[in-house]
Structure formats: C-alpha cells, structure tokens
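Some notes on the structure that comes next.
We did not get these values from a lab; they are worked out from the coordinates using the rules stated. In this text, all values refer to a predicted model and were calculated from it rather than measured experimentally. No Cβ is skipped: glycine too gets one built from the backbone with ideal geometry, and neighbour counts run over all protein chains shown.
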C-alpha cells in the first residue's frame, strides 16, 4: 500500500510539472533579418518623427525669452527653471545636428560652440540667478545674446538676430514671485 501511495504521489507530481510546462507561453519566433533597404526606410520614418533643429531652437527661444521675464521679476526659481530648459534644448538641438555646413561647405562643429557657451555665459547666467542679482543677470543675459548671434553668424544665419524680448513667450505664465494661486 505504501508503495502504491508513493507511486500515485510521484505520478501526481509528474503531472503537475507537465501541466506547468504546458501552460507556458510559446517563445516568439526568431526575428527576421532586416534588409538594409528596410532599415533605411525605418530610419527615415523614425527621423521624420523627430522635430527638426529649427523647431527645437524655437523652443530654446521661448525658454530664453521667459528666462528674461523671470529674471526681471526676480522670480529666481522660475529663472533657474527656464535657464535649465534653455540649456537642455540647446543640447538637444546640437544632438540633432552636431555638424552644420556653412555656405562655403565648411563644417561648423556646433558641439564645440555649445560647450564654449555653456562654460562662459551660461555659467555666468547660472551664477547670477543663484546669487539673485538682477543687474548682473541683465548684463549676463545681454552678453548671452551676443554669443547666440555669433553662433548664428557662424552657421551662415546672420538674419537670426536675437534681442531682449518685448513680451513673454508664455502669456499664461505669471512671473510674479509673490503671486498666490490662482494668479
């Protein structure tokens, strides 16, 4: 009898294991090799979904304009936010097109220009925001516009002349650091 119980127990255990393995999902079929033509088509389709550099730079302009108004209002946390957004979008724009050819066919290394800008005027802007010093902020902002324009000229786009914004890029944004909700 003990032997029969053990045999039945072993059979039930074996059936349990078999059921466990039968319920498992079947592995997906192996991926098919993608031809280079298919890969090129897929890459082109994906690239068409990514904003172009002009679109990204429009975002930079909006963030940089809002930075001016945040600094003017001495809303330093908001100024820090817009400065970070500006820098983030500048990096995105350079990742999108790191090398641009000028009208003479020479390569302009935008990454080098951005690094120089980050290590000079953007660093100064960051410091003036951290120090909450409006007069130095205003001067650093103006100096940054000069650097921006130098980059535009280097890329054969001298017609892109940044200036001190006359109105915020985000009219819905309240720049008053003392505003209460809803502001």
Starting with the fewest neighbours, write out 34, 129 ranked by other beta-carbon atoms found within 10 Å of each beta-carbon. 34, 129
Using alpha carbon centers only, segment 165-183 is separated from segment 35-105 by a whole-angstrom value of 23 Å
Determine, from the Cβ-Cβ distance of residue 116 and residue 176 and an R0 of 41 Å, the FRET efficiency 1/(1 + (r/R0)^6), rounded to the nearest 0.05. 0.75
Ranked highest first by the average count of other Cβ atoms within 10 Å around their residues, in what order do 116-123, 71-78, 164-171 fall? 71-78, 116-123, 164-171
Extension gain from residue 103 to residue 54, taking 0.36 nm per residue of separation minus the Cα-Cα distance: 15.9 nm
I'm checking a number: the convex hull volume of the Cα atoms of segment 47-154, normalised per residue, in Å³. What is it? 89 Å³
